[in-house]
Amino acid sequence: MSILILVIAVTAIISFIAFNNTAIFEKYKFNVGAIQNKKEYIRLLSAGFLHADMMHLFFNMLTLYFFGPIVVQGFGNLGFLMVYFGSILLGNIFSLFIYKNQPWYSAIGASGGVSGILFAGIAMLPNIGIYLFFIPIPIPGFIFGLLYFGYSVYMMLNPKQWDNLGHAAHLGGAFFGLVYAIVNAPGRAMENALYIGIMALPLIYLSYEIFIRKRIN
């Protein structure tokens with residue numbers, strides 16, 4: 001069994017168990033108050049094994065299944081695990097930083113890890129075609145990355161009541177995957193520097209809003 005299939009299988013099994021076990025779901029989901037006040041740091045990682053429903057689990061694992069092999073081929077099994085779990089951790093740590101004054105904030109899902117795998121793959125193959133739902137024409141990976149980052153940054157800076165996606169975790173995870181690919185494959189990163197730079201523009205803007213204008217905190 002490949003490491004990719006093993007990660008998908010373990011995540012699916014734990015998610016299935018938590019679907020019908022509220023105690024497990026509540027104990028291991030990401031929650032700012034529990035992490036800050038009770039020092040339950042395991043939640044920074046365990047939340048990546050929980051999902052809201054079958055659709056949430058399906059789309060995360062499907063994306064992981066398609067893009068995981070690119071990362072495995074480029075960085076090996078250990079590199080894949082480092083990107084995936086490192087992205088989950090950084091995504092949730094970034095969420096903790098962004099929502100540190102909102103102890104009620106909770107989140108679940110492997111989206112941070114999946115985002116890291118997705119963007120590590122795009123950094124290696126920026127022109128890989130990505131199909132979005134009913135659009136028959138593939139979008140180049142770096143354009144998808146630009147739109148993904150741009151949308152997440154916009155929604156973080158302009159939160160909506162109906163939006164329940166963990167954009168901070170997505171961004172933190174994607175950033176980790178992108179940086180991991182650049183650091184561990186500098187030659188390929190130099191070749192794709194223009195594409196990576198275009199993709200990272202929304203992240204630069206977000207950094208300005210957070211650290212210079214102090215807009216979020």
**OP:** Keeping to segment 54-66, report how many residues are open to solvent by less than 100 Å² (accessible area, probe 1.4 Å), among the hydrophobic types (A, V, I, L, M, F, W, C) and closer than 20 Å to GLU26 by Cα.
**Re:** 1
Subject >> Pair list, Cβ < 6 Å and 6+ apart or interchain, from segment 51-69 residues that are more than 26 Å from ASN21 (Cβ to Cβ) to residues that are at pLDDT 90 or above and surrounded by 15 or more Cβ atoms within 10 Å (Cβ to Cβ) >> reply: PHE67/ILE117; PHE67/LEU118; PHE67/GLY121; GLY68/LEU4; GLY68/ILE117
Subject >> Filtered residue count, segment 34-44, keeping only those that are in contact (Cβ under 8 Å) with a residue 24 or more places away in the chain and open to solvent by 40 Å² or more (accessible area, probe 1.4 Å) >> reply: 2
Original post:
Can we say GLY86 is open to solvent by less than 50 Å² (accessible area, probe 1.4 Å) and either under 14 Å from the mean Cα position of the chain (by Cα) or closer than 22 Å to ILE204 by Cβ (or both)?
Top reply: yes
**OP:** Mind counting the residues in segment 21-45 that are part of a helix (DSSP H, G or I) and within 17 Å of GLY116 (Cβ to Cβ)?
**Re:** 2
Original post:
Can you find even one residue in segment 71-94 that is at pLDDT 90 or above and assigned to a loop (DSSP other than H, G, I, E, B)?
Top reply: no
Original post:
Looking at SER111, SER106, which one is open to solvent by 30 Å² or more (accessible area, probe 1.4 Å), touching a residue at least 40 places away in the same chain (Cβ under 8 Å) and among the hydroxyl-bearing types (Ser, Thr, Tyr)?
Top reply: SER106
**OP:** Could you tell me whether segment 45-53 includes any residue that is surrounded by 15 or more Cβ atoms within 10 Å (Cβ to Cβ) and either closer than 26 Å to GLY129 by Cβ or among the β-branched types (Val, Ile, Thr) (or both)?
**Re:** no
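The values are calculated or read from the model by the stated rules, or taken from the named source; none is laboratory data. In this text the structure is predicted, and so the values were computed from the model without any measurement. Note that each Cβ is placed from the backbone with ideal geometry, even for glycine, and that neighbours are counted across all protein chains shown. To get the accessible areas, we keep the full protein, side chains included, count just its heavy atoms, and leave off ligands, DNA and RNA. Shrake-Rupley method; radii C 1.70, N 1.55, O 1.52, S 1.80 Å.
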